[in-house]
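The values are calculated or read from the model by the stated rules, or taken from the named source; none is laboratory data. Model, not experiment: these values are computed from the prediction. Positions of Cβ are backbone-derived with ideal geometry, glycine not excepted, and every protein chain shown enters the neighbour counts.
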Amino acid sequence: MKKLNQKKIRWIVKEVRKREMSIYQLAKQQGISKQHLWRVFYRYKDDNRPRLLLCGRKPKQIAIEEVELVKRIKEETNFGAVNIEKVLAERGVEMPHNRIHKILRQEGLAQQQPSKSRRRKWVRYERKHSNSLWHTDWFEMEDGKQAILYEDDASRLITGFGVFSNATTETALKVFDSAVARWGAPKQLMSDHGSQFCSNEERTFVFTEHLKAKGVEHILARVKHPQSNGKLERLVLTMRGLIKFKGCIEEAVRFYNENRPHMSLENGHLRTPLQAFHEKKVNN
């Protein structure tokens, strides 16, 4: 919504009186409509100290039914405004995400996040087929235990997870083997340079050699370049919230894979990671 400050209002009043430019030209310069420009002129032509003025329609008052609907979807899914907008659209309800976010903030269910309004400096890239590339990383749980996740790049499916007292190569491979047995082996797997994925004290690459024996290429993310394994890092943030929402990592993973539509997987309709994994899988 365009905001006119005192300087702009005085300029409008002065220029209208001068009649050197048309009303259309004046309105275009200020980025407002001709109707609003006339409103400004007649309201402030005799006012030497005009107050700030917003143009455009007054915002429509939020109905109780809208609040209850948004709260119900939030309770069911723990989604943010953008995903709630898509869920509502699937159910035949049109409501812009800005309005949804306003309701969430009003109800104390969301906070302003200035970082999300900044322009991203990179373009998201994803593989075309399931099991083309997996990502993996460890993260610390609130109780101090170490959790590992494996994520399919194309579908965002969590193919494997585990919680342990310590992050080790042996436990990482245990979870990997279990994931492969269920979902099949990926062609490549990307990790960071953590000691669990690189050489140990004996300078042997146990993790890499194990993957190689299964026909999987091990890719190490670029140092000091978080976007390389950024999908997994973003997944960790999502899982922290879902674990609080569902109470345990097992239910959080099930909900994420099977019930929670992923906004990056939209293709004419909402899809969960599990749906996308099967849709993007190459049939041999």
*Which one is farthest from the chain's Cα centre (by Cα) among residues in the range 77-115 that are loosely packed, with under 12 Cβ neighbours inside 10 Å and at pLDDT below 85?*
Glu90
*Test Val40 against the stated conditions and say whether it is at pLDDT 90 or above, aliphatic (A, V, I, L, M) and not in a loop (DSSP other than H, G, I, E, B).*
no
*Look through the range 51-76, keep the residues that are modelled with pLDDT of 90 or more and not hydrophobic (A, V, I, L, M, F, W, C), and return whichever of them is nearest to Arg99 (Cα to Cα).*
Glu66
*Selection count where residues are buried (at least 18 other Cβ atoms within 10 Å of the Cβ) and either over 18 Å from Glu233 (Cβ atoms) or modelled with pLDDT of 95 or more (or both), scope the range 158-168*: 5
_Residues within the range 8-33 that are charged (D, E, K, R) and exposed (fewer than 13 other Cβ atoms within 10 Å of the Cβ), tallied_ = 5
*So Asn5 clears everything in (1) touching a helix residue (DSSP H, G or I) at 6+ places or on another chain (Cβ under 9 Å); (2) loosely packed, with under 14 Cβ neighbours inside 10 Å except one condition, right? Which one?*
(1)
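Yes or no, residue by residue, for (1) in contact with a helix residue (DSSP H, G or I) (Cβ under 8 Å, 6 or more places away or on another chain); (2) in a loop (DSSP other than H, G, I, E, B); (3) within 27 Å of Lys281 (Cβ to Cβ):
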residue	(1), (2), (3)
Tyr125	no, yes, yes
Ala147	yes, no, yes
Gly160	yes, no, yes
Ala167	no, yes, no
Thr171	no, no, no
Val175	no, no, yes
His193	no, yes, no
*Of all residues in the range 187-232, count the ones that are modelled with pLDDT of 85 or more and touching a Phe, Trp or Tyr at 6+ places or on another chain (Cβ under 6 Å).*
4
_Subset of the range 127-145 that is in a strand (DSSP E or B) and touching a residue at least 12 places away in the same chain (Cβ under 8 Å) - its residue that is farthest from Ile243 (Cα to Cα)_ = Leu133
*Odd one out for Arg271, checked against (1) outside any loop (DSSP other than H, G, I, E, B); (2) without any contact (Cβ under 8 Å) to a residue 40 or more places away in the chain*: (1)
